[in-house]
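As structure tokens, the structure follows; a few thoughts come after it.
The values are calculated or read from the model by the stated rules, or taken from the named source; none is laboratory data. If you're wondering where the values come from, they're calculated on a predicted model, not measured in any experiment. All Cβ positions, glycine included, derive from the backbone under ideal geometry; neighbour counts span all protein chains shown. The protein model used for the area step is the full one, side chains on, heavy atoms only, and it has no ligands, DNA or RNA in it. Shrake-Rupley method; radii C 1.70, N 1.55, O 1.52, S 1.80 Å.
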Amino acid sequence: MTSETLLAAGLAAEKKSAEVTDWAARIGWLVGLALFVALVYWLMREGWKWRGTLQGDLPELPGAPDDPGPARLSMSGRYHGSTTAGQWLDRIVAHGLGTRSRVELTLTDAGLDVVRPGATDFFIPREALREAVLGKGIAGKVLTEGGLLVVTWAHGERLIDSGFRSDHAAEHTDWVDAINSMINKTETEGAR
């Protein structure tokens, strides 16, 4: 045999078919990944429940009065959550305040009625309102400047910021003006 023949025979011997996929190993990796994702989800859920337990000192949310009076303003949009006032990342989850949802807001002389389909409704009495501002973020939701209506209110011993976004963002300035004028009117009536 010549060297060329030996070389050709050696090359032919080296050629093999592609390896067959090891399905058992792939399925094992997929099951392992699914278990890891389930563990992370469970840990996040437990953390959420623990946060609610730590905030257990928060009193029950007030309900709307039987006759709150005529509506000064109303708005439909999204409720993005509540945080400790001034700390836009410290989400409050007790009593369902951490649940994002659709919202129907109604401002009356008695206060602010927050109706959330699929979540706990609550009412912010006029005396509890502290301030309304245009913000850009609250607890994991960041928008453009002025894209969020942030209402600060007192509940028990805590000041709370609640974030709302109207379906029509141009309404936010009317809400800020109305709530702040209502707060100022309450303060001047209390000073007498």
Residues with amide H under 5 Å from that of Ala139, placed H, sequence gap 5 or more: Leu89
If you count only protein heavy atoms with a 1.4 Å probe, what accessible area per residue comes out for the chain, rounded to a whole Å²? 63 Å²
Within segment 108-152, the residues whose backbone N lies under 17 Å from a label point placed 7 Å from the Cα of Ala169 along the Cα-to-Cβ direction are 133-151
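For segment 131-173, with all protein chains present and a 1.4 Å probe, just round the carbon and sulfur fraction of the accessible area to a whole percent. Intermediate values should be presented prior to the final figure.
Details: 980 of 1910 Å².
Of all accessible area on segment 131-173, carbon and sulfur atoms account for 51 percent.
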Helix 23-54 against the longest principal axis of the chain: what's the angle in degrees, Cα atoms only, rounded to the nearest 10? 20 degrees
Added length on full extension, which subtracts the Cα-Cα distance from 0.36 nm per residue, Ser74 to Trp50: 5.2 nm
Describe numerically, in nm with one decimal, the distance between label points set 7 Å from Cα along Cα→Cβ at Lys185 and at Arg26. 6.9 nm
Test of understanding: in a Gaussian network model of the chain with alpha carbons linked when under 10 Å, which of Trp48, Trp153, Trp29 would top the mean-square fluctuation ranking? Trp29
Cα-based reach from Lys185 at 16 Å (exclusive), listing aspartates and glutamates while leaving out same-chain residues under 8 positions away: Asp109, Glu127, Glu131, Asp177
Could you look at segment 13-110 and say what percent of its accessible area is carbon and sulfur, using a 1.4 Å probe and all protein chains? 62 percent
Dividing the helical contributions, -39500 (n - 2.57) per DSSP H run of n ≥ 4, by the residues of the chain yields a 222 nm value, nearest 500 deg cm²/dmol, of -11500 deg cm²/dmol
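Can you figure out the FRET efficiency of Val40 with Leu89, using R₀ = 25 Å and their beta-carbon distance, to the nearest 0.05?
Efficiency, rounded to the nearest 0.05: 0.80.
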Once you wrap a convex hull around the alpha carbon atoms of the chain, what is its projected area averaged over all directions, in nm²? 19.6 nm²
